[in-house]
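The values are calculated or read from the model by the stated rules, or taken from the named source; none is laboratory data. The model shown is predicted, which means the values in this text are computed figures rather than measured ones. In this analysis, Cβ positions are derived from the backbone assuming ideal geometry, glycine residues included, and neighbour counts consider all displayed protein chains.
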Amino acid sequence: MLFSSSVFLFLFLPLVLLLYYTVFRRRRAAQNLFLLAASLLFYAWGEPRFVLVMLASIAANYGFGLWAARDGGRGARAPLIAAAAVNLGLLFVFKYLTFTLATLNRLGGQLVVPVIELPIGISFFTFQALSYVLDVYRGRGSVQTNPLKVGLYISFFPQLIAGPIVKYETVAEQIDRRRESWADFSAGACRFLAGLGKKVLIANQLAVVADRAFTLSGGWAASAGMAWLGAVCYTLQIYYDFSGYSDMAIGLGRMFGFHFLENFNYPYLSQSITEFWRRWHISLSTWFRDYVYFPLGGSRVGSAGAHIRNLFVVWLLTGIWHGANWTFLCWGLFYFVLLVLEKYARLGRGWPAGLKWLFTMAMVNFGWVLFRADHLGAAARYIRDMLLLGPGPLWDGAAALALRENALVLLAAVVFAAPVAGWVKGKLYGGPRLNKAAPLWDVGYALLLAAVFLVSASFLVKGTYNPFIYFNF
């Protein structure tokens, strides 16, 4: 079930909210049980058999949590090793087994490659389940003796299938001791509607241009103009698609009294690759930092070689996490190289701010081409077209038409990639004296969100293009 679907917006969510705040009001245990049941229904919608994988993950990690709580204080690593083996083994079977067997066959093997469908969001809920065991082991959260509470943490529908990855220590207390309020509910609803607009009104429209450009390049060649336009549209599409989903997830969580950490912080304002990854998919970066990079020693390992090794491991795993394709592996290693150059070759240091931003965005853009391409050959052809090294012209009618038809959406995407709304609100409410126009902001913002919802709903009723990119991971 998609957040941006008629079933979710007009049936599932209103019914869950109604029952949560009426029938189950004032009974926390009943509310938690109801949210668990609703989350499993949400996940089972359209793919009921995969809910068994989810239940197996919950049961296994509930047991690992008890084991870690019992033995973790004595420094025993057996529960961690077992939890990692089971969780990563499950992830390998569903996500990487067919890729591994196919690769071995290309090297001369004669192995049978099974057809295995990928459960939606398996990378997200697997990492979340691992976080539970790791945080219990480290004493960062109390073990749950009730398996239903473990189930709620792992399967809670707002962040179940595309994040943000919520570490157990962040919400351990909130499972039983959260406080719902009208202020939180209204703020969450506004956040959800803003995310819905990002997804439906911006990301979905840009996706059409990006898909067209990658199709043209894949067929033979695209003009350099069309290739750049497609790459820029995909760069903006993936931001509004994923950050829009994160906004909806954070907003939904807040409507039920849960406070999740931010997942994006205007990453396209970054002036270095290091800064970009502090602002992009923050929950994943934090997960690898806390559970992989720091345990390896981080940057405090005494030698450049050991630090580079730690960076290599993290970015190799980051690429692998995103998917079973050489493009994702190379994408992760591409960022590894850039980060090493920034750290040890002083790449970008001393450059003017504008040049640093331009270089960072160019690298991010090339990285997204690699990320989007079906295979490495397709990525190479697309970058060839961007650099005018292919048979395509500098500009053509396809690029002109796409730019003319999507100019307003592109302009909106560029403008709102910066904290424009926050800046305006700060000007109205900031300072020692309240701006006389400040009350109009609240009214105007409410009317704008109402319009966003109505227009988004009309697009959804028409059945326009509506996938989420990160559902594949």
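Here ILE154 does not qualify as in contact with a Phe, Trp or Tyr (Cβ under 8 Å, 6 or more places away or on another chain) and without any contact (Cβ under 8 Å) to a residue 24 or more places away in the chain. Looking at the range 1-95, the helices (runs of 4 or more DSSP H) lying wholly inside it that each contain 2 or more residues that are farther than 19 Å from PHE156 by Cβ and modelled with pLDDT under 95 sit at 51-71, 78-91. Looking across the range 227-246 at every residue that is hydrophobic (A, V, I, L, M, F, W, C) and either touching a Phe, Trp or Tyr at 6+ places or on another chain (Cβ under 8 Å) or more than 17 Å from TRP395 (Cα to Cα) (or both), the one that is surrounded by the fewest Cβ atoms within 10 Å (Cβ to Cβ) is identified as ILE238.
What about THR145, is it hydroxyl-bearing (Ser, Thr, Tyr), in a helix (DSSP H, G or I) and assigned by TED's automatic domain parsing to the domain that holds SER39?
no
Against the test of being within 30 Å of ASP374 (Cα to Cα), more than 24 Å from the chain's Cα centre (by Cα) and of a type in the set (S, T, N, Q), the options SER123, SER142, SER181, SER217 yield a single qualifying residue, SER217. The residue that is modelled with the highest pLDDT, among those in the range 183-218 that are polar (S, T, N, Q) and surrounded by fewer than 20 Cβ atoms within 10 Å (Cβ to Cβ), is SER186. When the range 385-426 is filtered for residues that are without any contact (Cβ under 8 Å) to a residue 12 or more places away in the chain and either crowded, with 17+ Cβ neighbours inside 10 Å or part of a loop (DSSP other than H, G, I, E, B) (or both), only LEU389 remains. Candidates ASP135, ASP184: the one that is more than 25 Å from LEU91 (Cα to Cα) and outside any loop (DSSP other than H, G, I, E, B) is ASP184. None of VAL369, VAL420 is in the same structural domain as TYR234 (by TED's automatic domain parsing), β-branched (Val, Ile, Thr) and at pLDDT below 95 except VAL420. The C-beta contact set for the range 179-195 (first residue farther than 18 Å from PRO419 by Cβ, second residue of a type in the set (S, T, N, Q) and modelled with pLDDT under 95, distance under 7 angstrom, 6+ apart or interchain) is empty.
Residues checked against (1) closer than 20 Å to LEU36 by Cβ; (2) exposed (fewer than 13 other Cβ atoms within 10 Å of the Cβ):
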site: ILE81; (1), (2): no, yes
site: ARG106; (1), (2): no, yes
site: PHE124; (1), (2): yes, no
site: ALA129; (1), (2): yes, no
site: ARG138; (1), (2): no, no
site: LYS167; (1), (2): yes, no
site: SER181; (1), (2): no, yes
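On the given criteria, is ALA373 within 17 Å of VAL208 (Cα to Cα) and surrounded by 17 or more Cβ atoms within 10 Å (Cβ to Cβ)? Spelling it out, ALA373 is indeed within 17 Å of VAL208 (Cα to Cα) and surrounded by 17 or more Cβ atoms within 10 Å (Cβ to Cβ). All told, VAL51 meets the bar of being surrounded by 17 or more Cβ atoms within 10 Å (Cβ to Cβ) and touching a Phe, Trp or Tyr at 6+ places or on another chain (Cβ under 7 Å).
Of the residues making up the range 259-313, those that are closer than 30 Å to ARG177 by Cα and acidic (Asp, Glu) number 2. All conditions in (1) among the charged types (D, E, K, R); (2) without any contact (Cβ under 8 Å) to a residue 12 or more places away in the chain; (3) touching a helix residue (DSSP H, G or I) at 6+ places or on another chain (Cβ under 8 Å) hold for LYS199, with the sole exception of (2).
Scanning the range 120-127 turns up no residue that is touching a Lys or Arg at 6+ places or on another chain (Cβ under 9 Å), assigned by TED's automatic domain parsing to the domain that holds ALA69 and over 29 Å from ARG254 (Cβ atoms).
Small (Gly, Ala, Ser) and in a helix (DSSP H, G or I) - does that describe any residue in the range 326-342? Yes - at least one qualifying residue is present in the range 326-342.
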